[in-house]
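The values are calculated or read from the model by the stated rules, or taken from the named source; none is laboratory data. These numbers were taken from a predicted model, which means no experiment stands behind them. Heads up, the Cβs are rebuilt from the backbone with ideal geometry, glycines too, and the neighbour counts pull from every protein chain shown. Surface accessibility is based on the protein's heavy atoms, side chains included, excluding ligands, DNA and RNA. Shrake-Rupley method; radii C 1.70, N 1.55, O 1.52, S 1.80 Å.
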Amino acid sequence: MKRSTVTAQFPCDCKTVWDIVTDNKNYEWRSDLSKIEMIDENRFDEYTKTGFVTHFQITAKEPYREYRFDMENQNMSGHWSGIFESRDGGTQITFTEEVRVKNPIMNLFVKGYLKKQQAKYIADLREAIAKL
């Protein structure tokens, strides 16, 4: 499995960051998605702007502290974890993705791809918080 972790600070409380990250009905702040379909309380599908779908199963959801899920699409499967901590009057998040690619050739590129996706997610999240 390939692993990538990103940590970022935000100048607001954990509840604010948590509410944005975990509200799958309000995904418009994500620049990479066209829609999210809720399957049930613990499962959802994300669609990229090009229609590529990834399936998610929530495995842990402790408000304002921890959010975890398993994910799978035609190219990979893996796990994502988000840890939320109050720090210095704001919030620190630590997001970790661990994936196993289905095509061995993709192993050469997956770490860079994950880092790029995480950077885009953090930038989108910063913009969403700035608009509050």
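Some observations on this one:
- Checklist (1) modelled with pLDDT of 95 or more; (2) open to solvent by less than 80 Å² (accessible area, probe 1.4 Å) applied to N107, failing item: (1)
- Every pair of residues 6+ apart whose Cβ atoms lie under 6 Å, when the first sits in segment 111-132 and is under 12 Å from R30 (Cα atoms) while the second is β-branched (V, I, T): Q118/V6; A128/I20
- Scanning segment 83-98 for residues that are out of contact with any Phe, Trp or Tyr (no Cβ under 9 Å at 6 or more places or on another chain) and at negative phi, we see that the one that is most open to solvent (accessible area, probe 1.4 Å) is R87.
- Across segment 26-52, the number of residues qualifying as assigned to a strand (DSSP E or B), of a type in the set (A, V, I, L, M, F, W, C) and surrounded by 12 or more Cβ atoms within 10 Å (Cβ to Cβ) comes to 3.
- Residues that are more than 16 Å from the chain's Cα centre (by Cα) and either surrounded by 12 or more Cβ atoms within 10 Å (Cβ to Cβ) or in a helix (DSSP H, G or I) (or both), drawn from segment 113-132: A130
- Scanning segment 42-66 for residues that are acidic (D, E) and over 18 Å from Y121 (Cβ atoms) turns up just one, E62.
- Single residue of segment 1-25 satisfying the filter (part of a loop (DSSP other than H, G, I, E, B) and open to solvent by less than 30 Å² (accessible area, probe 1.4 Å)) that is nearest to T96 (Cα to Cα): N24
- N107 meets each of the listed conditions (1) assigned to a helix (DSSP H, G or I); (2) within 24 Å of F10 (Cα to Cα); (3) among the polar types (S, T, N, Q) apart from (2).
- Test: residue in segment 69-76 that is in contact (Cβ under 8 Å) with a residue 24 or more places away in the chain, out of contact with any Phe, Trp or Tyr (no Cβ under 9 Å at 6 or more places or on another chain) and in a strand (DSSP E or B): yes
- Of the residues making up segment 53-82, just one is over 14 Å from the mean Cα position of the chain (by Cα), closer than 23 Å to F109 by Cα and open to solvent by 60 Å² or more (accessible area, probe 1.4 Å), namely Q74.
- Consider segment 83-112 and keep the residues that are under 21 Å from I20 (Cβ atoms) and among the polar types (S, T, N, Q). The one that is nearest to the chain's Cα centre (by Cα) is T96.
- Pairs linking a residue in segment 20-42 that is under 20 Å from R65 (Cα atoms) to a residue that is in a loop (DSSP other than H, G, I, E, B) and modelled with pLDDT of 95 or more, with Cβ atoms under 9 Å and 6 or more positions apart or on different chains, are I20/N26; I20/W29; T22/P63.
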